[in-house]
Amino acid sequence: MCFFLIFLILPSVSARDPALHSQYSTQVSILSAMELIWNLCEILFVEAAAAGPLLLRLLDWVRLHVCDVDNMVREVLSSENPSKHELFWNVVDVFVLQGRMDEARHLLAKEASANPTSVNMYKTLDDLMKKMPVPSLGNTQTLTEMELKWQHWHEECQRYLQDGTFASNSHMESICKILLGDEDAILEKKELLATWYQFLVTRLLYSHPTVKPMELRFYAQSSMDLFLGGESSPEPLDTILMAAFEFEMHQVIKECSIALSNWWFVAHLTDLLDHCKLLQSHNLYFGSNMREFLLLEYASGLFSHHSLWQLGVDYFDHCPEYGRVYLELHIERIPLNTEQKALKVLRICEQRQMHEQVRSICKIMAMKALRNNRLGSALSWSIRAKDAAFATLISDRFLKDYCERGCFSDLDLIDNLGPSMLLSDRLTFLGKYREFHRLYGEKRFSEAAKLLLMLMTAHIAPCSFWMTLLTDALPLLEQKEVIFSAEQTYELMRCLEDLTAGKSDKQKFQDDDVETMKVEMLRLALARNLARVIVKEGTLEGS
Amino acid sequence: PRPDPTLHTTKTGGVIFVQDNRISIWSVGDLGNVGLNGEYQGEPQLLCDIRHNGDVMDMQFLDQERIVVASSTGTVTVFHHHQNNQTLSANQRWEKAHSHVDQDTSCGGAACTGVICNNPEIVTVGEDGRINLFRADQKDAVRTIDNADSSTLHAVTFLRTTEILTVNSIGQLKIWDLRQQRNEPSQIFSLTGDRVPLHCVDRHPNQQHVVATGGQDGMLSVWDIRQGTMPVSLLNAHEAEMWEVHFHPSNPDHLFTCSEDGSLWHWDTSTDVAEKPSFLHQGGRSTTYFSHNTINQSVVSAWLSNDPTKDRMEITNLIPNQTLSVNSLDILGPCLVYGTDAEAIYVNRQLFA
C-alpha cells in the first residue's frame, strides 16, 4: 500500500493553494487511519501473532503509526545540548512509553555525563532498562521462561523503587513506576501517549508482556475507558479498532463500511481476509458472499471513472458468481468519446468471448458513423462485428446516394472492398455494380454486359434496383457494335417482363410518364438488339 | 492519455474523480544512475505542465521549443515550452480542426488522431476523414481536404517534404501530394485479404520507399511504395492493435512497435546481430549518426527481403511483465520512452547495451 506518496504531495501543494492543502490534509488523515486499521488486522488476523510475538508486533505498530510526538523528538535530538532542552524528559518518557529502551538509555547517558553526582542513580536505571526481558521472535525461550525472568526483573524494579533509590529525581522515579506498569504513572503521561491504543500497548508491555490474543479485548476495553475517562466518547476509528481487538472481523468490516465513504478499503480488506480463509462463508441475501459483494460494489464505482474502468474489469474477472454479468452490463455503458477507446473496450470484450457486447458496441459506433456520413468508418465497424445486417444498411445508403446523385461517393472505399465484400449480399452487389461501371468506363463492354446480366439473373441485385440496372443496359444496347448475345437479350427481356408483371395495376396507374417511357424504350432497344443479334449470329462468319 | 485524478470522497458512498488531463514536461537527467537493464534509477523530474482539454491523441515537437498536440475534441494546439522559467503556454490553437461536417445531424465531435510536423508545416488527420495543413504562424489552415477519406484516418507521416502518407480504418495506405490542388490521393495501397484497419505508419529514415504500418490485428506490414499496391512482407506480431511503429531515426535496421496487448517489440535486422552498434549520440534532432555497420545494408533493404532465412531478424519483447496496453513510444539515440495504460512512463537509457 503506497500511502507514503500522499505525504510527498502535501508540501508542494500547500504552497500553492490553502484550500487544496486542507482538503489533502483530511485525506491524509483518512489514509493514515486506514493504514492503522489495516496493519492491526494484519497482525491480529492474517499473521495471527501468538502470545509473545504479539506484543512485539503491537509495539512496532504503535511506533509506526503514532507520530504526534515525532516533531518534539526531532527537536530535542537535533539541539546542541539535548539534556538541557526543556522537553528532554518528555522525550525520554516517550521512548520509555514506546519501549524504545536503547534510545532512552542513550539520552540518559548524556544526562548522566552532565550530572556526575547522580551517576549511580543513572547506572541503576540504565541497568534495569537494559535487563528488561522482552518476548523473543525466535524459539530461543519459551513463554514460561520469559515470564519467570520477567517476574524476577519486575521484583528487582520494585525493590529499587521502595528503597528510594530514585527519590531525589522525580523524573527517574516516574520512569521506574512506568517500568513497573503503574497505571497511574502511565496515565500521567497522557499527552505523550496521545491515544488509548498507545496506552494499551504500553500497559501490556509493562504489566502483561506475554498477553494472549484472546485476552486483548479485556485490556483494550479497560484501556479505552481509563484513557478517555468518560470525558469524550469513542470516535468511529476507536470503535473499529476495538472491534479488531475483540477479533470481531465482521464487525470491523461493518464499522469501516459505515465510517468510510468509499468501498476501496473495505473491499480489499475483505478480500485479504477471505483469501486467508478467515471469513465464515455465510451467504448474503442475494446469494453471493460478502467478499464478492464488496468487490462488485467497488468495481462498479470504478466504472464511473474515465480511465480507471480498465481496473474495474480485472476486479470483475475475480468475482466468480456475478462478475461476468456485472461486466457485461457495465462495459456497454462506458462513454466512447473516441474510436480508440471503443477499440480498447472491444478488445476486452473479445478476450472474454462477450459477443453480444461486441455486436452492440460496434453497432453503436457504426450508427454514429453513419449519422456523420462516414460510410467507410461505418463499414469498418460492421466488418469488425461481422454484422451482415448493418453492412446491408450501409450498402443501401450508398446505392441510395448513387440513385440520387448519379455517381458514387467514396469510391476509394467501394473500389477496395476486398474479401469484406462477402459480408452481405447487398455489399457484394455494391462492389460488383461499381465494377460494372468501371468496366464500362474502361470500354470493356462485353465483360460489363456479362456482369450486368449476372447481377440480375443470379439475384445478387435487389429487385428495387433492377430498373436502374436495365436502364444501365440501355447504352450497351444502343452501341454500334452488338454486345449482348441472343440468349443474353432474351434474359434481359425476361427480367423486364418479370419486373413489369410484378407491378400491380394500381402501381402501373401511379407510374408517371417517365417510368412508362423508360419501359417502352427498353422494350424497343431490346427488340432492336435482338433483331441485330439474330442476324449477326445467323450469318456464316459469326464474328 | 494519462489523466491525473484528484480524489474526492463523497457522502453518498461514491468516489468522484475530477478529470484533469495535462501536458507535462519531465527531465530524465543524466546518465550515471543506471541499473542492470539500463533502467534509469532516479526519478524523472516534472519541470512544468499545463491543462489540456480532451484526451491527448498524438503530439510532436515542432522545433526545440514548440509542441503540437492533437486532442480528442478535434482541436489542435501548439504549446510553447519556455525553458528559461520552465513554463508551458498555449501559443496557437485551431479549434474544431476536426469535426463532423453537418453540425445538425452530427453525433459528437471528431477526434484529431494524428499530427506530424516539418517545421513550419503541420499536418493533422482525424476521425472525420479530413486532412489539414497548418503553418504555425498562420491562424487559418493553409489547406484542408474535406472528406479525404470515407473512413477514419488513424495516422499520418511525411513521405517527402511535399508528400504525406496516411493510413485509415479500412486497411488503406494513401499517398497525398500537397502540391497538387486536387483532393484525391496520388496513390492508394491496400492490404491483401481482409481490410484490417491500420493504426500507425512510419517511413524508413534513409530509404524513402520503405514504409512500415501496423494493423488492428497486430500485424506489421512493410511496403515498397515504388512497386505494387500490396505490402512486401507481413509479419505476425502482436496479439492486439499495434498502436505505434517507429524506425530508429539514426539506426533504421531497428524498428520498434507497441501494442494494446501490453508488449513492446524491438525488431533487429542488422546483419551482424552479434555485434551491436556502439552509439555516439547526443546529437540534436537534425544530426544523423550512422552505425558502424554499412549504412544502407545493401541495395535491397533488409526490411524488404522476402526470405526470412537469409537475413536473420531478431525480435525481442522489451517488457518483462506486461499488463496493460502500451499506447505510445519514442526513440532517440540509445534512449527509449514508452507509456502504458497503467499510468506509467518508462525510460530506458541503454537500449543497445
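The values are calculated or read from the model by the stated rules, or taken from the named source; none is laboratory data. Please read all numbers here as calculations on a predicted model, not as lab measurements. Backbone-built Cβ (ideal geometry, glycine too); neighbour counts: all protein chains shown. Accessible surface areas use protein heavy atoms only, side chains included; no ligands, DNA or RNA. Shrake-Rupley method; radii C 1.70, N 1.55, O 1.52, S 1.80 Å.
The table below lists the values:
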| item | result |
| --- | --- |
| Neighbourhood charge, 12 Å Cβ-Cβ cut-off, centred on A:Y298 and excluding it, Lys, Arg +1 and Asp, Glu -1 | -3 |
| Three-way shape call for the stretch A:124-195 based on the alpha-carbon gyration tensor, with the a/c threshold at 1.5 | oblate |
| Spacing of the two label points (7 Å from each Cα toward its C-beta) at A:T457 and B:D194, in nm | 3.5 |
| Largest to smallest accessible area among B:T166, A:T392 [probe 1.4 Å] | A:T392, B:T166 |
| Accessible area buried at the A-B interface, both sides summed, 1.4 Å probe (Å², nearest 100) | 3700 |
| Burial of 50 Å² or greater, the stretch A:399-413 residues [accessible area, probe 1.4 Å, versus chain by itself] | A:D412 |
| Pairwise FRET efficiency - B:R182 versus A:S464, Cβ, R0 = 30 Å, nearest 0.05 | 0.30 |
| Selection from A:S222, A:L451, A:M129, by position along the positive dipole direction of chain A (Cβ) | A:L451 |
| Average other protein chain Cβ within 10 Å of Cβ, residues A:299-306 | 3 |
| Heavy-atom accessible surface of the stretch A:17-80: percent carbon and sulfur, 1.4 Å | 55 |
| Cα Rg over Rh - the stretch A:396-465, Kirkwood | 0.94 |
| Computed over the stretch B:95-192, Cα set: Rg, Dmax in Å | 13.0, 42 |
| Set of aspartates and glutamates near A:K149 by C-alpha distance (under 17 Å), chain-local residues within fewer than 8 positions excluded | A:D127 |
| Buried on assembly, the stretch B:111-143 (at least 50 Å² less accessible surface than by itself, 1.4 Å probe) | B:E127 |
| Where chymotrypsin sites (Phe, Trp or Tyr not before Pro) fall in DSSP loop in the stretch A:399-459, at most 11 other Cβ within 10 Å | none |
| Modelled FRET efficiency - R0 25 Å, A:K84 with A:K190, Cβ distances, 0.05 increments | 0.45 |
| Solvent-accessible area per residue for the stretch B:84-158 (1.4 angstrom probe, square angstrom) | 41 |
| Portion, in percent, of the accessible area of the stretch A:361-491 that falls on carbon or sulfur, probe 1.4 Å | 54 |
| Residues A:L329 and B:R135, FRET efficiency given R0 of 45 Å [Cβ-Cβ distance, rounded to 0.05] | 0.40 |
| Sites matching trypsin sites (Lys or Arg not before Pro) across the stretch A:188-288 that sit in DSSP coil, with at most 15 neighbouring C-beta atoms within 10 Å | A:K277 |
| Coordinate range along principal axes, alpha carbons of the protein assembly as shown, Å, largest first | 145, 68, 53 |
| Cα centroid separation, the stretch B:134-207 to the stretch A:458-485 (Å) | 37 |
| List of the stretch A:330-362 residues, accessible area with partners at least 20 Å² below that of the chain alone (1.4 Å probe) | A:N337, A:T338, A:E339, A:Q340, A:L343, A:K344, A:R347 |
| Two-decimal Rg to Rh for the stretch A:171-296 - Kirkwood Rh, Cα set | 1.09 |
| Residue-level accessible surface for A:D513, protein heavy atoms, 1.4 Å, Å² | 130 |
| Shape category assigned to the stretch A:383-515 from the gyration tensor of Cα positions, a/c cut at 1.5 | oblate |
| For the stretch A:324-362 versus the stretch A:13-89, the gap between their alpha-carbon centres in whole angstrom | 45 |
| Length released on extending from A:A19 to A:K131, taking residue separation times 0.36 nm less the Cα-Cα span | 35.2 nm |
| Hits among aspartates and glutamates - C-alpha to C-alpha of B:K139 under 16 Å, sequence gap 8 or more where chains match | B:E95, B:E121 |
| The stretch A:365-478 - accessible surface per residue (Å², probe 1.4 Å) | 40 |
| Overall form of the stretch A:235-348 per C-alpha gyration tensor (a/c, 1.5; a/b vs b/c) | prolate |
| Heavy-atom SASA rank of A:E328, A:E191 (probe 1.4 Å, accessible area, largest first) | A:E191, A:E328 |
| Positive dipole terminus of the stretch B:48-205, leading residue within B:A155, B:S99, B:I122 (C-beta point charges) | B:I122 |
| For the stretch B:213-234 versus the stretch A:137-169, the gap between their alpha-carbon centres in whole angstrom | 82 |
| Entries of A:K130/A:K177; A:K110/A:K130; A:K400/A:K443; A:K84/A:K130; A:K480/A:K536; A:K84/A:K110 with Cα pairs more than 19 Å apart | A:K400/A:K443; A:K84/A:K130 |
| Whole-number accessible area per residue in Å² for the stretch A:44-124, which is evaluated in the context of all protein chains at 1.4 Å | 48 |
| Protein accessible area in the stretch B:79-238, 1.4 Å probe - carbon and sulfur % | 43 |
